1. How big is the range 1-60 on each of its three principal axes, counting only the C-alpha atoms and giving the largest first in Å?
2. For I205, what accessible area in Å² do you get when you roll a 1.4 Å probe over the heavy atoms of the protein chains, rounding to the nearest 10?
3. With only alpha-carbon atoms counted, please give the Rg and Dmax of the range 84-126, in Å.
4. State whether the range 61-103 is rounded, prolate or oblate according to the following rule on the C-alpha gyration tensor (a ≥ b ≥ c being the square roots of its eigenvalues): a/c under 1.5 gives rounded; otherwise a/b larger than b/c gives prolate, and the remaining case gives oblate.
5. Residue by residue through the range 191-197, what is 3J(HN,Hα) from phi via Karplus (6.51 cos²θ - 1.76 cosθ + 1.60, θ = phi - 60°)? Round to whole Hz and write x for glycine and proline.
6. Which peptide among 361-373, 96-108 comes first, and what is the full order, when sorted by highest mean count of other Cβ atoms within 10 Å?
7. Using the Kirkwood formula on the Cα atoms of the range 343-441, what hydrodynamic radius do you get, in angstrom to one decimal?
8. Report, in deg cm²/dmol and to the nearest 500, the calculated mean residue ellipticity at 222 nm for the chain, where each DSSP H run with n ≥ 4 adds -39500 (n - 2.57) and the sum is divided by the residue count.
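The values are calculated or read from the model by the stated rules, or taken from the named source; none is laboratory data. Bear in mind that the values here come from a model prediction, so they are computed numbers and not experimental data. Here Cβ is always computed from backbone atoms with ideal geometry, including for glycine, and neighbour counts include all displayed protein chains. Side chains included, ligands, DNA and RNA excluded: accessible areas come from the protein's heavy atoms. Shrake-Rupley method; radii C 1.70, N 1.55, O 1.52, S 1.80 Å.
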Amino acid sequence: MGTAPEQSVIVVGAGPTGLALACELAAAGVSCTVLERRLKTSTQSRAMGLYSRTMEVLDLRGHADALVALGRPVSRMVPARDAAVDFAELDTRFPYLNVVPQSRTEEVLQQRALDLGVAIERDAEVHGLEQDASGVTLQVRTGTGEWAESADFVVGCDGAHSAVRELSGIAFRGRTYEIAPILADVRLSKPPPDDVLMVTGNGGIMVSVPYGDGVYRLAVARRDRPWTREPVTLEELSELLTRSLGFDPQPYDPTWLARFKIHQRIADQYRTGRVLLAGDAAHLHSPLGGQGLNLGIQDAVNLGWKLAAEVQGWAPTGLLDSYETERRPQAERILRATDRATQLATTPSAALTALRRTVFAKALSRRRVRRFAAASVSGLRAGYGRRGVGGPRLRAGQRVPDLTLPRTDDAPVRLYELMRDGRFVLLDLADDGRAALLTQAWGSRVSPVRVDGGIPELAGVSTLLVRPDGYAAWVDGEADPGGRDERVRTALHRWCGVEGPAPARREDRVAEATAPPEAGPRTGSASGSGAGSGSASGSGSGTESEGEQQPAPSTEEG
Ligand SMILES: Cc1cc2nc3c(=O)[nH]c(=O)nc-3n(C[C@H](O)[C@H](O)[C@H](O)COP(=O)(O)OP(=O)(O)OC[C@H]3O[C@@H](n4cnc5c(N)ncnc54)[C@H](O)[C@@H]3O)c2cc1C
């Protein structure tokens, strides 16, 4: 490539994953441009809701309240007759599925990204990519011309048909299902109950989600109704709904009727050199259970601070690679679960359908199972650590709840409010406050908080280092106060890099290294340098509708 890249990170794709990632990078102080092929934000609303953990990670950066205002809380999911999963039983600020159309979620994230200073370039389709040891150059075309743009890192958040993935030679293995769901946003003359309702049987499944204002999102799939290019009509929808529900709910006023192919695929790698993948570009699965967008936002929140650390020059060795080691298993788990659910829900066997109903009803009549199911579906159980025996209840790698912290030197505060700027937070629960003092050597990378005890969730904990994505990096028990200073330093090294002031910002380093004294700031994207090493049609849309040497960070107990 020769010359220094023009910017730190280019995110390809302004879907929910790309926008969430751009917000994360910008919050961490990393310059970033989003390239999006579409001229305008999408009005398509594939995903219809945000689960509790997604709302929580959005709350970490202050994006959640706007989405609460736009959404509709639905607290029950009814996967079979006489069986309900109740999100209201969850211990979170968001004990519900926040039903909000994907297009609105994208609007909120786009506004947040713009407010944080992200440049979003529309009508910019990436069709060529070349990388070397110093950066990545993209070939970009618009309706009026073509240019090259370079960055230290590129993240492909460009959906199911990812050009970034293809141009990087990363395989996307898996299969396409024979069933092809119909999706409809309609009003109903005879509506079902206001829960997330799933009705299965006779080789078909119907899911209904109330948007409010009398509008319902319906998805219907049947084994005997494979993919076709024929447009969906209200008559076809009525017929399929009647077969599932046993009555015709009489749909009318459709704002969206579409037929989808669904896939189960995962990228062979989430990273090759300076190119990374996130969201649908990295994994695709059956929409049953509504997890895709949620998974993409969680990818973005996991990747954002790690990539920022790499770009800012303080990332411990292995931190960026931990994005794939942590996120791939989460995607694989969802792929397996949604595949099993899709197979079972659309089985033509009446006996299996009856058995499924009985098992669900029996299992979900038990409170513990209901809570477990709600916590799993909502993402609150997911984490990155090993489960263990003994020691504090909260383990490294687990989600840290939004605790209200009684501070020794200030008014109580919500933990998630302390995390808006994307830094690590160290909670020091010991009387001497030494751990909090030690963080000073890591400058602005860590926010120390001295906490008065008495928080049940932190029973047995003397020090807790919280990652910028709201998971526990390191937990120290109070059982062994000897050597605590050393343990705190080791944990900070391991997660936050070498102590000392934060390295110079990339822009400053590049300016020092390359610019003549009188040179001004970067002048936009049209550099005309470099050439793409490949090309991609890029014409598909999302899912088809037509520092220091250290061991790699891992979540560990103190
Ligand atoms: C029928 C259906 C129902 C669904 N329901 C749910 C649900 O209820 N809940 C849920 O969580 N998920 C659901 N999903 C999945 C969800 O819609 C996706 O997981 C989500 O959109 C993925 O977001 P993304 O940002 O990774 O990709 P996308 O939303 O696909 O965004 C990718 C962006 O990249 C742009 N782009 C593509 N190629 C290029 C290029 N070469 N250059 C520049 N830009 C490019 C595209 O224009 C697009 O804006 C559903 C999916 C389907 C199909």
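1. 45, 28, 15
2. Estimated to the nearest 10 Å², I205 gives 10 Å².
3. Rg, Dmax (Cα atoms, Å): 16.2, 45.
4. Oblate, because a/c is 1.5 or more while a/b does not exceed b/c.
5. Result, ordered by residue: x, x, x, 7, 10, 7, 10 Hz.
6. By packing density, highest mean first, the sequence is 96-108, 361-373.
7. Evaluated on the range 343-441, it is 18.0 Å.
8. Per the formula, -8500 deg cm²/dmol.
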